[in-house]
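What follows is a single structure, written as structure tokens, with notes after it.
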Amino acid sequence: MSKIALAKRWKKSLSELLEALGKAAPDHEDLFSELSGVLESYLDEAAVADIYKATLYSADAHKGQKRISGEDYICHPIAVAQVLGEMCMDSRTIIAAILHDVVEDTGITLNQIGESFGDDVAVLVDGVSKVSQLEFREHAEAESFRKMFMAMAQDIRVIIIKLADRLHNMHTLDSLDDVRKRRIARQTLEIYAPIANRLGMRELSQKLEDLSLLNLYPKRYSAIAKKVKASKRGRKPVVNEACKNIQDKLAQNGLKVEVYGREKNIFNIYRKMQQKKLSLKEVKDINAIRIITEKRPDCYQALGIIHQLYKPRPESFKDYIAIPKINGYQSLHTVVVGPFGQPVEIQIRSQSMHRIAEKGVASHWFYKTETTGEHAPQQLAQQWLKSFLVSQHMSSDSGYYLEHLKADLFPDEVYVFTPKGAIKRLPRGATALDFAYSVHSGVGDHCIGALINQTAVPLHEKLSNGDYVEIKTSRNARPIPQWLDYAVTSKARASIRHYLSQQKDRESLRLGRKLLRGALSDQGYRKVRIPSADKVNLLKHLELDGWERLLIDIGFGKRLPILVAKQLIAESEAQQRNRPVPNDQKQSTLTIEGTERLLITYASCCHPIPGDNIIGTTTRGRGLVVHQSNCKNCKVIMRQPDNYFHLSWSETTKGNFQVVIDVETQNEPGVLATISNIIAEHNSNINSLTVEQELRHTAKMLFIIEVTDRKHLADVMRQLHAEPSVIKLTRG
Ligand code: MN
């Protein structure tokens, strides 16, 4: 069966269905015939057929459900579709509107909707259901909520459907109790009307505002309405006369226009009274006329003709066509001295300007009534935004407005709820951990997990719009380096880095303090507290600005505790003698000068000498002990990295160093004298000699001699080697 035939059949069964329902409420059928009248005026039959199919489907799904007013539930989606039909929205949007409460309120799933009407419709229905769920929360910050709403909507059509839904709900508030009525009205005023306004949908936003005012402050509303009505009567002769004269004059000049008296909406008058603190009596009557022309050039022509007809007040002329308002609004505004010498405000705009001024983003669908995949709705919204931009000579701040509007429509952010219902804005991709840090760095530093929508999740879980996030903390929890892998906000990353580096500092500080203490007491320093004058002097010499920094450096191994201790003692003595410390002691380095003999122990296991690779280790009671880095004892020491330092010899190392040499010789008279002589010839002292083994033919001896460095030792050993009585020679 063709779509057209189907459309007819569905329409017939719908009429029958609604007629049947209508026995209880007689206006049901009217509702549907009104909708079909609008739809059939701008959509093709196939599209209309799909909408009828959806209407039957929805009526079936909502069967038996009533609204609080007592009418059948299906009346609501039909009325919402009607609002959208009047905006000439595309058929997919209208189908989604017809089905918008089906998933929430009946057993039908999104999948089923996708199968019956296409995935794009299912996505729209899902979007509307999700933003609807937001309404049940109490919100403090309207601005954040609006942003969250926009962010959640994803598809701009979701917002438009939701606004239409809200409009119908506002029309039917009467059946609710006062508390709910006022709550919904306030929400509409704070959230939905501004969103509509933001999207340039002036007509809709004004309706929402008026209905909100009516329900929030019925007395004020009716007082203003009465005044508007009265003044309209009073202005009628002036406005009628002006309209007629203008219409005639323009027609004579071959211009086809629509001319009508314009009324201020009630909420605008109320807002003006609030802002300017006016009483109702002080609000001025205004004779206002609007002229809609066919084309843009007609606007200027009409203006010229009107200015010939009535004398203009030049100071009040505004050309918003050449320079549109920041929301894209275009019109010519002028005030003339009209009939009976009365001032008349006149707006002149073309049909397309009028459509944009009234319908904003929704005006775009007027041209592209049937949009499918290739015209993604976001693209249409982009085009709408662009249509402002191409209007030449935009006012200077319009760029700013558009950037913000764009950010609202296509946000790079997610909006989530705190347990108290506040809204947090985070960059897209943010995780539960980022959320924790956004609450407070203390919460972040101690968090152990999160609940998203009451489900336990790990900290790296990504957040989605509308999530309700709660953070679990523990006093013992601390940041770990892995957190940097999944924190995306700069606040979280900075806090984690800060904590980690502080942690390292804290550990170094503890160790540094311990090392310095040990080194000082090794040097016979007996003061329990280091006098702060000594600290200050030492820091000045080391060019450091904090005592803790010095201790941290020691702990890190950047400075030798023993050298710092030595320096400190020198400072303290100099202080007592009241004379400056010699310059050469200022340098605290990791090199061994050879002059620290009293402060440094050279390990007797390996006897390091200048030129050897060395490490230093601090052992309580022994100060700094220097080992050769290949000493077998170092293997144990090096297992604890905090326990040793790499050292080097200064270029100008001074002094003599003990070294052990094993000598095996022929056991013959005079050998010992020969060896002693050779050592003496090289300006080396023999500190000790041990004869380890004396056999018949050979002897083994252990010398401890003093050398200045490796080269010195090598010279000695080379000559000993050359001696015929020496059989074997090794450094011990
Ligand atoms: Mn609804």
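The values are calculated or read from the model by the stated rules, or taken from the named source; none is laboratory data. If you're wondering where the values come from, they're calculated on a predicted model, not measured in any experiment. As a convention, Cβ positions derive from the backbone with ideal geometry for all residues, glycine included, and neighbour counts pool all protein chains shown. Remember, those area values only see protein heavy atoms, side chains included, never the ligands or the DNA or RNA. Shrake-Rupley method; radii C 1.70, N 1.55, O 1.52, S 1.80 Å.
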What do you reckon, is Arg355 under 18 Å from Met201 (Cα atoms) and crowded, with 22+ Cβ neighbours inside 10 Å? no
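Asp210: free of Cβ contacts under 8 Å to residues at least 12 places away in the same chain and acidic (Asp, Glu), yes or no? Explain how you work it out, then say what you get.
Numbers: free of Cβ contacts under 8 Å to residues at least 12 places away in the same chain: no; acidic (Asp, Glu): yes.
Taking the combined requirement at face value, the residue does not satisfy it.
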Got a number for residues in the range 68-92 being within 11 Å of the ligand (Cβ to nearest atom), modelled with pLDDT under 90 and either open to solvent by 40 Å² or more (accessible area, probe 1.4 Å) or within 37 Å of the chain's Cα centre (by Cα) (or both)? 0
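Yes or no: Thr591 open to solvent by 10 Å² or more (accessible area, probe 1.4 Å), in contact with a Ser or Thr (Cβ under 6 Å, 6 or more places away or on another chain) and at pLDDT below 70? Outline the logic, then answer.
Working: open to solvent by 10 Å² or more (accessible area, probe 1.4 Å): yes; in contact with a Ser or Thr (Cβ under 6 Å, 6 or more places away or on another chain): yes; at pLDDT below 70: yes.
Against the criterion (open to solvent by 10 Å² or more (accessible area, probe 1.4 Å), in contact with a Ser or Thr (Cβ under 6 Å, 6 or more places away or on another chain) and at pLDDT below 70), Thr591 qualifies.
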Quick check on my filter: what residues within the range 163-186 are within 14 Å of the ligand (Cβ to nearest atom) and under 32 Å from the mean Cα position of the chain (by Cα)? Leu163, Ala164, Asp165, Arg166, Ile184
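Quickly run through the range 653-682 and pick out the residues that are touching an Asp or Glu at 6+ places or on another chain (Cβ under 9 Å) and open to solvent by 80 Å² or more (accessible area, probe 1.4 Å).
Within the range 653-682, just Lys654 meets the criteria.
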For the range 218-254, enumerate the residues that are open to solvent by less than 60 Å² (accessible area, probe 1.4 Å) and among the basic types (Lys, Arg). Lys227, Arg235
Residue check: is His100 within 16 Å of the ligand (Cβ to nearest atom), in the same structural domain as Phe117 (by TED's automatic domain parsing) and not in a helix (DSSP H, G or I)? yes
From the residues in the range 40-57 that are touching a Phe, Trp or Tyr at 6+ places or on another chain (Cβ under 9 Å) and over 15 Å from Ser15 (Cβ atoms), which one is farthest from the ligand (Cβ to nearest atom)? Tyr42
Quick test of your reading of the structure: Ile160 fulfils all but one of (1) within 25 Å of Arg92 (Cα to Cα); (2) surrounded by fewer than 16 Cβ atoms within 10 Å (Cβ to Cβ); (3) within 16 Å of the ligand (Cβ to nearest atom). Name the failing condition by number. (2)
Would you confirm whether any residue within the range 505-514 is closer than 30 Å to Pro458 by Cα and not acidic (Asp, Glu)? yes
Would you be able to tell me the number of residues in the range 500-539 that are more than 18 Å from Ile562 (Cα to Cα) and hydroxyl-bearing (Ser, Thr, Tyr)? 2
Would you pick out the residues in the range 235-259 that are more than 12 Å from Gln301 (Cβ to Cβ) and β-branched (Val, Ile, Thr)? Val238, Val239, Ile246, Val259
How do the pairs read when you match residues in the range 612-630 that are closer than 15 Å to Asp709 by Cα and in a loop (DSSP other than H, G, I, E, B) with residues anywhere that are modelled with pLDDT of 80 or more and open to solvent by 10 Å² or more (accessible area, probe 1.4 Å), using Cβ under 8 Å and keeping only pairs 6 or more apart or on different chains? Asn613/Gln628; Asn613/Ser629; Asn613/Asn630
Just the residues that are open to solvent by 50 Å² or more (accessible area, probe 1.4 Å), more than 16 Å from the ligand (Cβ to nearest atom) and under 28 Å from Lys424 (Cα atoms), please, taken from the range 114-146. Val123, Arg137, Glu138, Ala140, Glu141, Glu143, Arg146
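In the range 53-67, how many are surrounded by fewer than 24 Cβ atoms within 10 Å (Cβ to Cβ) and assigned to a helix (DSSP H, G or I)? Walk me through how you get there before you give the answer.
Taking the range 53-67 as the starting set, the residues that turn out to be surrounded by fewer than 24 Cβ atoms within 10 Å (Cβ to Cβ) are 53, 56-57, 59-67.
Within this subset, residues satisfying the condition of being assigned to a helix (DSSP H, G or I) are 53, 56-57, 59-61.
Of the residues in that region, 6 qualify.
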Looking only at the range 93-113, count every residue that is at pLDDT 90 or above and open to solvent by 10 Å² or more (accessible area, probe 1.4 Å) and tell me the total. 5
